[in-house]
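Structure, as structure tokens:
The values are calculated or read from the model by the stated rules, or taken from the named source; none is laboratory data. What you see is a predicted model; the values in this text were computed from it and never measured. Ideal geometry is used to build each Cβ from the backbone, glycine not excepted, and the neighbour counts take in all protein chains shown. To get the accessible areas, we keep the full protein, side chains included, count just its heavy atoms, and leave off ligands, DNA and RNA. Shrake-Rupley method; radii C 1.70, N 1.55, O 1.52, S 1.80 Å.
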Amino acid sequence: MSDLSNKHIVLGLSGGIACYKAAELCRALVKAGATVQVVMTEAAAQFITPVTMQALSNRAVYVSQWDAREPNNMAHINLSREADAILVAPASADFMAKLLHGRADDLLSLMCLARPVDRVPLILAPAMNREMWQHPATQRNMAQLTADGAHVLDVGQGEQACGETGDGRMLEPDEILEDLIAFFQPKVLAGQHVLVTAGPTYEAIDPVRGITNLSSGKMGFSIARAAREAGAVVTLVAGPVHLPTPRGVQRVDVRSALDMQAAVATHVNAASVFVATAAVADWRVADVAGQKIKKDGAGGSTSSGPQLNFVENPDILAGVAQSARAQSGALYCVGFAAESHDLLQYATAKRERKGVPLLVGNIGPATFGLDDNALLLVDAHGAKELPHASKLTLARQLVAEIARRLTPV
Ligand code: CTP
């Protein structure tokens with residue numbers, strides 16, 4: 001199942017140079033499983049042709065409210081009734097001003113006004129010059145449009161077509177896609193603040209060498225994304241991984257287990273849910289060399305190599321689980337267990353040892369670095385399997401399971 005299967009999106013384009021991104025956005029929506037109906041203003045057709053948008057959406061494009069192709073000649077009614085959402089990208093300053101006043105002198109604005117407000121959400125991706133964006137009139141319009149029930153996406157920051165630099169660019173197509181997918185997810189964690197640890201830790205031996213493990217961070221990043229999609233405020237404490245930050249998630253990069261423990265300590269008091277997916281190194285080198293350790297020069301098999309002494313790292317999850325807030329139920333703790341065999345037995349024992357209400361087991365070697373996984377949830381009442389699926393699918397299921405176990409906020 002793709003993220004937007006069974007979704008019918010009316011993609012509206014108003015006039016602005018960001019129309020060039022709408023072509024890529026249209027492809028991305030189709031690739032994600034949506035059917036896409038493009039509606040353009042005449043101004044938008046100055047920037048990109050209906051031919052291009054028709055080819056990419058595989059449907060005839062509508063521009064005029066006088067389009068005679070509809071048997072009842074009411075394209076604004078027919079198109080808006082079919083939609084799961086109307087996404088206007090780009091939404092120009094002028095188009096938003098027009099929407100605000102309920103004006104309806106072209107097909108796109110007519111369709112937005114005629115949509116059933118309680119059933120067809122209106123999502124706007126603003127795009128304009130930075131001065132236009134900052135202008136009190138635009139900011140006022142946006143606030144009123146939001147109050148009227150529209151969902152206004154963020155804008156990007158950077159170099160603009162006019163040569164100026166600042167806020168107001170339209171988000172990139174992949175960012176709008178991620179926001180739209182999130183929009184459709186149930187908001188089961190609204191009002192919650194979720195803290196997630198993810199990835200491996202890196203324990204230095206000397207300034208250029210260290211010890212780490214094969215955790216890719218993908219499961220933890222997926223959980224951070226799923227929690228955000230579910231409406232939570234999310235802080236992600238990430239060990240050294242090369243993964244993009246999920247949209248809307250606050251990311252704190254760390255290296256060692258001690259760094260991770262400090263970052264968790266900083267953020268845990270604001271959290272209502274703590275999910276520890278990180279593969280924290282169990283030990284660190286006791287005496288990290290200040291300078292690069294050199295070979296002894298003996299060469300070959302006569303070289304003994306450096307002798308390393310280790311000390312055990314603090315157990316971050318167990319420490320948090322023992323805190324007063326966790327014990328009182330104000331903070332719900334979820335642990336992970338990567339095992340190689342006897343998953344149920346080890347996960348059950350680990351849940352008790354760590355003192356957490358929910359422990360999620362997986363077979364480590366079968367999942368490291370991959371996009372798929374299978375999970376076993378163990379709580380006080382028993383075990384439940386979440387069968388093999390993508391990590392993002394499993395993360396969304398896990399988020400729903402966590403939400404069910406929380407006391408309402
Ligand atoms: N964890 C942690 N801090 C550590 C070690 C583990 O927060 N120093 C967390 C992990 O993020 C995970 C859970 O504890 O949620 C289980 O980690 P794991 O390494 O599997 O457990 P261990 O206690 O190290 O048990 P063992 O190595 O014997 O399997």
Qualifying positions in region 316-350 - at negative phi, out of contact with any Leu (no Cβ under 8 Å at 6 or more places or on another chain) and not small (Gly, Ala, Ser): 316, 317, 322, 327, 331, 339, 341, 345, 346
Residues within region 351-363 that are in contact with a Leu (Cβ under 8 Å, 6 or more places away or on another chain) and farther than 20 Å from residue 403 by Cα, tallied: 3
In region 234-250, the residues that are assigned to a strand (DSSP E or B) and in contact with a helix residue (DSSP H, G or I) (Cβ under 8 Å, 6 or more places away or on another chain): 234, 235, 236, 237, 238
Among the residues listed as 367, 348, the single one being in contact with a Lys or Arg (Cβ under 9 Å, 6 or more places away or on another chain) and either of a type outside the set (D, E, K, R) or within 21 Å of residue 195 (Cβ to Cβ) (or both): 367
The lone exception for residue 269 - which of (1) loosely packed, with under 14 Cβ neighbours inside 10 Å; (2) of a type outside the set (A, V, I, L, M, F, W, C); (3) within 16 Å of the ligand (Cβ to nearest atom) it fails: (3)
Among the residues listed as 224, 265, 278, the single one being assigned by TED's automatic domain parsing to the domain that holds residue 318 and touching a Ser or Thr at 6+ places or on another chain (Cβ under 7 Å): 278
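Condition check ((1) of a type outside the set (S, T, N, Q); (2) closer than 20 Å to residue 91 by Cα) across all residues:
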site	(1), (2)
4	yes, no
8	yes, yes
11	yes, yes
16	yes, yes
20	yes, yes
27	yes, yes
32	yes, no
35	no, no
38	yes, yes
For residue 284: the one exception among (1) open to solvent by less than 20 Å² (accessible area, probe 1.4 Å); (2) within 16 Å of the ligand (Cβ to nearest atom): (1)
Helices (runs of 4 or more DSSP H) completely within region 1-107 that count 1 or more residues being open to solvent by less than 10 Å² (accessible area, probe 1.4 Å) and modelled with pLDDT of 95 or more: 19-31, 44-47, 50-57, 93-100
Any hit, region 39-48, residues being among the acidic types (Asp, Glu) and touching an Asp or Glu at 6+ places or on another chain (Cβ under 8 Å): yes
Spans of strands (runs of 3 or more DSSP E) in region 290-409 with at least 3 residues open to solvent by less than 90 Å² (accessible area, probe 1.4 Å) and away from the ligand (no atom under 16 Å from the Cβ): 382-390
Matching residues in region 12-51 - criterion: being within 16 Å of residue 120 (Cα to Cα) and either without any contact (Cβ under 8 Å) to a residue 24 or more places away in the chain or under 22 Å from the mean Cα position of the chain (by Cα) (or both): 34
